[in-house]
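Asks: Here it is: the structure, laid out below.
The values are calculated or read from the model by the stated rules, or taken from the named source; none is laboratory data. A quick note: this is a predicted structure, and the numbers were derived from the prediction, not measured. Every residue, glycine as well, gets a Cβ built from its backbone with ideal geometry; the counts of neighbours run over all protein chains shown. We work out accessible area using only protein heavy atoms, side chains counted, and drop any ligands, DNA or RNA first. Shrake-Rupley method; radii C 1.70, N 1.55, O 1.52, S 1.80 Å.
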Amino acid sequence: MSHRKFEHPRCGSLGFLPKKRCRRGKGKPKSFPRDDPAKSPHLTAFMGYKAGMTHIVREVEKPGSKLHRKETAEAVTIIETPPMIVVGVVGYVHTPRGLRTLNTVWAEHLSDEVKRRFYRNYFKSKKKAFSRYAKKYADGKNVVQAELEELKKQSSVIRVIAHTQIKKVSNWGQKKAHLLEVQVNGGTVEEKVDYAYGLFEKEVPVEGVFSENEMIDTIAITRGRGTEGVVTRWGVTRLPRKTHRGLRKVACIGAWHPARVSWTVARGGQHGFHHRTEMNKKVYKIGKKGADSHKATTEFDVTDKDITPMGGFPHYGVVDEDYLMLKGAVPGSKKRCITLRKGIFPQTSRNALEEIKLKFIDTASKFGHGRFQTAGEKAKIMGRLKA
């Protein structure tokens, strides 16, 4: 029986086990920022759809660094974030075993795109969801007000139920909205309930939750890669070339006794489509539909161009609604629902406090080696092409 000559760190972290396909199709916040009653009530999370990536050029403002007052090119991700609609409020009470749901109050009118979430086959259903609940409002709001008063008296944590407006972005034919519980932080419990009830059936824009230069977290499902072997899945070292019966393997998967394979041994299996949280992504830009901020124009590049690159984002299309520009990459494939959450911990590093001033946003085609930023520029240089 062979043994290794020297010790070495293990390959791959065991903290991400079990590496299996996620049951949900979207990221779920497992925790929210710590509540501060001194602040006014506000929401702590949002949802958007990943459109694609591009790059920007900016001037670094970091005294003492070799990059200070020099230009740098950085990759950014565009996440389309149409306004979300609040349709309910949930109250939780603290128990020795964690939070327990006290009650849920729903809005009077719910759109079809959120009702679809409660059906497996909406087309064949009777479409009766929440029809009986709406009678609480028809009989007078006394029942609803009584439930809200109960939340004010007994709840310790207040969260709103909000859904995306997928019909505004769904170039891929999906009609079923994504639902999310978003914690309300700030103020007293009474103020939180009143704040949540005041948002019923109203649109909440992304700029009402996040601001530019803020550090936020992204929660999403990574891209699925199917079944992979140990070299790709765990990063173990390949065996020597002359190895009998394959070399992309683990040479010894354990001792004779105990007569079973330990859970710590790297094995092949599912790779990707895992639930992952990435912390501290900086918001470089917030684009608002219909405003100048939606364009890719900057103070140094005054070309009149939209954020969508020529030919659209590959496998996504055109970004028409509000959007967030985040530094770096974000987990998940195109069109995937991305949950955005306020940073859990307040950031005090220079990177977090630096004010970002964009000089250039690339809008060249992402399908090939894009040479032109706009269709007008291409027509000016290339001339009229053969029909």
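Asks: What does the charge add up to near Phe32, with Lys and Arg as +1, Asp and Glu as -1, over the other residues with Cβ less than 13 Å from its Cβ?
Replies: Numbers: positive: Lys28, Lys30, Arg34, Arg159, Lys192, Arg341, Lys342; negative: Asp35, Asp36, Glu181, Asp217.
Its environment carries a net charge of +3.
Asks: Determine by what factor the alpha-carbon radius of gyration of segment 1-160 differs from 2.2 N^0.38 Å, reporting the quotient.
Replies: Working: Rg = 24.7 Å, N = 160, 2.2 N^0.38 = 15.1 Å.
It is 1.63.
Asks: Calculate the FRET efficiency for Gln347 and Asn142 from the Cβ-Cβ distance with a Förster distance of 51 Å, rounded to the nearest 0.05.
Replies: The computed FRET efficiency comes out at 0.65.
Asks: For segment 69-207, just list the percent of Cα-Cα distances falling in each 10 Å bin from zero outward, please.
Replies: 10, 34, 31, 16, 6, 2, 0
Asks: Label segment 192-277 by shape, choosing from rounded, prolate and oblate, from the square roots a ≥ b ≥ c of the eigenvalues of the Cα gyration tensor; if a/c is under 1.5 it is rounded, and otherwise prolate applies when a/b is larger than b/c, oblate when it is not.
Replies: It comes out prolate by the Cα gyration axes.
Asks: How long are the three semi-axes of the equivalent ellipsoid for segment 129-195, computed from the Cα gyration tensor as the root of 5 times each eigenvalue, in whole Å, largest first?
Replies: Square roots of five times the eigenvalues give 28, 19, 8 Å.
Asks: Find the eigenvalues of the gyration tensor of the Cα atoms of the chain, then list the square roots of 5 times those eigenvalues as equivalent ellipsoid semi-axes, largest first, in whole angstrom.
Replies: Values: eigenvalues 302, 230, 108 Å².
Each semi-axis is the square root of five times an eigenvalue, giving 39, 34, 23 Å.
Asks: Using the structure shown, list the pairs from Lys176/Lys378; Lys281/Lys359; Lys168/Lys342; Lys115/Lys192; Lys28/Lys281 with a Cα-Cα distance above 29 Å, or answer none.
Replies: Correct reply: Lys176/Lys378.
Asks: Could you give the length gained by full extension between Gln154 and Thr243, i.e. 0.36 nm per residue of separation minus their alpha carbon distance, to one decimal place?
Replies: Going from the current span to full extension adds 25.3 nm.
Asks: Still on this structure, I have one more. Using the charge dipole of the chain (Lys, Arg: +1 at Cβ; Asp, Glu: -1 at Cβ; taken about the Cα centre), state which of Ser262, Pro37, His3 has its Cα farthest towards the positive end.
Replies: His3
Asks: Write down the accessible area per residue of the chain in Å², having rolled a 1.4 Å probe over the full set of protein chains.
Replies: Per residue, the chain has an accessible area of 58 Å².
Asks: Give me the Debye-computed log₁₀ of I(q)/I(0) at q = 0.23 Å⁻¹ for segment 307-387, equal point scatterers on Cα only, no solvent, two decimals.
Replies: Cα-only, vacuum Debye calculation for segment 307-387: -1.29.
Asks: While we're looking at this one, here's another question. Run the accessible area of segment 129-267 with a 1.4 Å probe and give the carbon-and-sulfur part as a rounded percent. Let's see the in-between values first.
Replies: Working: 4000 of 7910 Å².
The nonpolar share, carbon plus sulfur, comes to 51 percent.
Asks: Just round it to a whole percent: the fraction of Cα-Cα distances in segment 126-165 exceeding 15 Å.
Replies: 61 percent
Asks: Tell me the net charge near Lys305. Cut-off is 13 Å between Cβ atoms, Lys305 excluded, with +1 for each Lys or Arg and -1 for each Asp or Glu.
Replies: On the way: positive: Lys295, Lys378; negative: Asp292, Asp301, Asp304, Asp306, Asp362, Glu377.
Taking every other residue near Lys305 into account, the sum is -4.
Asks: Now for a separate question. Hey, which lysines would be in cross-link range of Lys242, C-alpha to C-alpha under 21 Å, not counting anything within fewer than 8 residues on its own chain?
Replies: Answer for Lys242, where 21 Å is the Cα cut-off: Lys5, listed by chain and number.
Asks: Shape call for segment 57-149 from the C-alpha gyration tensor, a ≥ b ≥ c root eigenvalues: rounded (a/c under 1.5), prolate (a/b greater than b/c) or oblate? Intermediate results must be reported in sequence, preceding the final value.
Replies: Values: a/c = 3.33, a/b = 2.09, b/c = 1.59.
Because a/c hits 1.5 or more and a/b exceeds b/c, segment 57-149 counts as prolate.
Asks: Here's a follow-up. Can you check how the C-alpha radius of gyration of segment 164-217 compares to 2.2 N^0.38 Å, as a plain ratio?
Replies: 1.43
Asks: When a/c reaches 1.5 or more, the comparison of a/b and b/c decides; with that in mind, is segment 15-57 rounded, prolate or oblate per its Cα gyration tensor?
Replies: On the way: a/c = 2.33, a/b = 1.24, b/c = 1.89.
Judged from the Cα gyration tensor, segment 15-57 comes out oblate (a/c at least 1.5, b/c at or above a/b).
Asks: Return the loop-located trypsin sites (Lys or Arg not before Pro) in segment 142-220 (DSSP other than H, G, I, E, B) with at most 16 other Cβ atoms within 10 Å of their own Cβ; answer none if there are none. Numbers along the way, then the final one.
Replies: On the way: sites: Lys152, Lys153, Arg159, Lys167, Lys168, Lys175, Lys176, Lys192, Lys202; in loops: Lys175, Lys176, Lys202.
Here the sparse-neighbourhood loop sites are Lys175, Lys202.
Asks: For the chain, what is the mean residue ellipticity at 222 nm derived from helices alone (per DSSP H run of n ≥ 4: -39500 (n - 2.57); sum divided by total residues; nearest 500 deg cm²/dmol)?
Replies: Calculated from helices alone, the mean residue ellipticity at 222 nm is -3000 deg cm²/dmol.
Asks: Compute the FRET efficiency between Lys28 and Leu67 as 1/(1 + (r/R0)^6), taking r as their Cβ-Cβ distance and R0 = 45 Å, and round to the nearest 0.05.
Replies: 0.75
Asks: Using Cα positions and a limit of under 16 Å, work out the lysines in reach of Lys380, with same-chain residues fewer than 8 apart set aside.
Replies: Partners within reach: Lys305.
Asks: Which lysines does Lys136 reach when only Cα atoms under 17 Å apart count, and residues fewer than 8 places away in its own chain are ignored?
Replies: Lys136 reaches Lys128.
Asks: Which net charge results for the neighbourhood of Thr232, defined as the other residues with beta-carbon distances under 9 angstrom from its beta-carbon, given Lys and Arg at +1 and Asp and Glu at -1?
Replies: +2
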